[in-house]
Amino acid sequence: MSPALSALLCLGLCLGHRTRAQEDELPRPSLRAENGSLVPLGRRVTFRCRGSPGAAVYLLEKQLGSEFQRIDSELSQEDEVEFSIPSMTLNDAGTYFCRYRKAFFLSELSDPLELVATDRYDPPSLSAWPSSAVAEGQAVTLRCQSEKRYDRSALYKDGEQVTKAPAQPLAQGSQADFSIPAVNSTHRGTYRCYSFWSLSPREWSFPSEPLELRVTGPAAQDYTLGNIIRLGLTGLVLVLLGVLLAEAWNSCRGRPGGAPTSSDRREGGAGGP
């Protein structure tokens with residue numbers, strides 16, 4: 001191999017390692033929606049992508065299957081930029097990422113942000129069984145009911161998702177139950193639920209009316225059975241004491257000064273004339 005070719009090969013390898021090292025050194029960006037990832041139809045959406053000071057350009061991308069569609073780009077030297085969707089539509093729902101370019105290097109993608117369109121269908125109703133006021137340690141079920149036969153439901157607490165669950169079909173409508181086996185103070189708050197179909201997982205109903213779950217002190221213990229057992233044992237002890245006292249009384253009556261016993265009569269008969 002000629003010296004010139006060796007030098008070019010070495011230069012290429014060195015530049016490749018340097019490029020990879022600089023890419024690895026770029027901080028990973030973060031992406032968030034300013035008012036949350038649940039967006040009513042027609043509402044403005046504001047994204048904020050935080051990257052690294054000195055970035056040349058920020059990119060907002062949407063996942064379409066295995067590919068990414070560039071939604072917007074922003075020239076900036078700041079560490080955070082803003083992207084917006086003027087009015088939320090069903091087509092805007094989906095999974096978003098952001099990244100940035102610095103010098104000749106492109107950062108990694110941010111974590112995904114799932115944007116959901118709400119206010120698509122009539123709201124469900126949310127109720128608590130047996131009650132929305134629950135003693136600490138007791139069980140409660142939050143029931144989300146809809147007049148349509150949805151197959152999925154989502155439960156939110158104070159604006160944050162708690163969980164999703166399958167909805168069961170009813171004769172008219174559907175129902176999803178969210179059970180809390182033992183309530184504690186962390187479960188206190190305001191709950192809402194949404195209904196949707198699994199075939200359209202990013203098109204949700206209006207939220208239900210808010211349900212406030214109140215957590216009271218520990219449940220009062222029921223001592224009735226214990227008291228009955230204790231009273232029964234006490235009565236049995238008193239009966240045994242009564243039997244023992246009766247036997248002791250009968251024994252005392254048979255002693256000197258009381259009625260003669262059969263042995264006393266035999267001794268009296270032997271000493272006679």
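The values are calculated or read from the model by the stated rules, or taken from the named source; none is laboratory data. Not measured: the values here are computed from a predicted model. FYI the Cβ positions are ideal-geometry reconstructions off the backbone, even for glycines, and counts take in every protein chain you see.
Worth a mention:
- Exactly one residue out of TRP129, TRP197 is of a type outside the set (S, T, N, Q) and under 20 Å from the mean Cα position of the chain (by Cα), and it is TRP129.
- Applying the set (1) touching a residue at least 40 places away in the same chain (Cβ under 8 Å); (2) outside the structural domain of GLN161 (by TED's automatic domain parsing); (3) surrounded by 19 or more Cβ atoms within 10 Å (Cβ to Cβ) to VAL134 leaves exactly one unmet item: (2).
- ALA117 assigned to a strand (DSSP E or B), within 30 Å of LYS62 (Cα to Cα), touching a residue at least 40 places away in the same chain (Cβ under 8 Å) and touching an Asp or Glu at 6+ places or on another chain (Cβ under 7 Å): yes
The rows are residues; the columns are (1) part of a strand (DSSP E or B); (2) touching a helix residue (DSSP H, G or I) at 6+ places or on another chain (Cβ under 6 Å); (3) under 19 Å from THR186 (Cα atoms).
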position	(1), (2), (3)
PRO123	no, no, no
VAL134	yes, no, yes
SER153	yes, no, no
VAL162	yes, no, yes
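- Qualifying residue in region 32-52 (condition: over 28 Å from the mean Cα position of the chain (by Cα) and among the hydrophobic types (A, V, I, L, M, F, W, C)): no
- Lone qualifier among LEU199, LEU213 - being at pLDDT 95 or above and out of contact with any strand residue (DSSP E or B) (no Cβ under 9 Å at 6 or more places or on another chain): LEU199
- For region 107-124, filtered to residues that are more than 23 Å from GLY42 (Cα to Cα) and exposed (fewer than 15 other Cβ atoms within 10 Å of the Cβ), the residue that is nearest to the chain's Cα centre (by Cα) is ASP111.
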